[in-house]
Amino acid sequence: MDFPCTSCGRCCRQLPAASVLNLGDGVCRHLDPASQRCTVYVQRPLVCRVDDLYRQRLAGSISKRVYYLLQAHACAEMDARNLAMPAEVALQLTLEMRSGGSGVGAGTAVDMEAGLTEAVGGHPAAHRVGVPVRLDPDEAAEAMNKLMAVAATLLEEPAGPQAALPSASMGV
Ligand code: SF4
Ligand code: SF4
């Protein structure tokens, strides 16, 4: 599975102060104010690409389950329209893992099986298969530190041809 971005665009309006894309009020310089769409979508920076960022910079240090859940929780915090996303992501990853999907990875499969007995969130989909929605606080904090360290190295990255990669899921 790819990360199920809903194209709400909230992350394009809450950029960190240090981002070269930030106009000063958190809004990206590439966000069209009229359409609220990304004007450089095909060439948007790596930091805007959930799946490419994972594959290129984080796959060796964070499980896909934890990465996706951190992303999904952030999306839910930024926009209420994404509140169901963490449970949906956990459900899809669990189904993918159970069907032998290649995208989850062996380490993640073990990680997820161990988590099947964890407490679940309030989303009905989570209860269907006992999907773990909450992350262990220590595991989440460690993964977040790694994620933020990588993201910090990309804050000065402009949009450009380096982003002409096949996968795309973040942004609007
Ligand atoms: S990645 Fe950004 S645009 Fe996509 S759902 Fe999350 S906040 Fe919205
Ligand atoms: S996806 Fe486009 S509009 Fe959104 S932050 Fe990235 S470059 Fe800016």
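The values are calculated or read from the model by the stated rules, or taken from the named source; none is laboratory data. It should be emphasised that the depicted structure is a prediction, and the values quoted were computed from it without experimental measurement. Here the Cβ positions follow ideal geometry from the backbone for every residue, glycine too, while neighbour counts run over all protein chains shown.
Within segment 69-87, residues that are buried (at least 23 other Cβ atoms within 10 Å of the Cβ) sit with their Cβ atoms under 8 Å from residues that are of a type in the set (D, E, K, R) and outside any loop (DSSP other than H, G, I, E, B), at 6+ positions apart or across chains, in these pairs: A72/E88; C75/R10. Scoring Q92 on the criteria (1) touching a strand residue (DSSP E or B) at 6+ places or on another chain (Cβ under 8 Å); (2) surrounded by fewer than 21 Cβ atoms within 10 Å (Cβ to Cβ); (3) of a type outside the set (V, I, T) leaves a single failure, condition (1). Residues of segment 30-54 that are part of a helix (DSSP H, G or I) and under 12 Å from the mean Cα position of the chain (by Cα): V47, C48, V50, D51, D52, L53, Y54. Restricting segment 30-58 to residues that are of a type in the set (K, R) and under 20 Å from T153 (Cβ atoms), which is surrounded by the most Cβ atoms within 10 Å (Cβ to Cβ)? Selected residue: R44.
Residue check: is A18 loosely packed, with under 15 Cβ neighbours inside 10 Å and in contact with a Leu (Cβ under 9 Å, 6 or more places away or on another chain)? So A18 fits the description; yes.
Scoring D51 on the criteria (1) in contact (Cβ under 8 Å) with a residue 60 or more places away in the chain; (2) touching a helix residue (DSSP H, G or I) at 6+ places or on another chain (Cβ under 8 Å) leaves a single failure, condition (2).
Within segment 1-15, residues that are within 8 Å of ligand 2 (Cβ to nearest atom) reach partners that are of a type in the set (V, I, T) and part of a loop (DSSP other than H, G, I, E, B) with beta carbons closer than 6 Å, at six or more positions or on different chains, in the pairs G9/V172. A single entry from V129, V120, V104 fulfils the requirement of being modelled with pLDDT under 90, of a type outside the set (G, A, S), buried (at least 20 other Cβ atoms within 10 Å of the Cβ) and more than 16 Å from the chain's Cα centre (by Cα): V120. Taking L58, is it more than 13 Å from ligand 2 (Cβ to nearest atom) and touching a helix residue (DSSP H, G or I) at 6+ places or on another chain (Cβ under 7 Å)? Judged against the criteria, L58 is a match.
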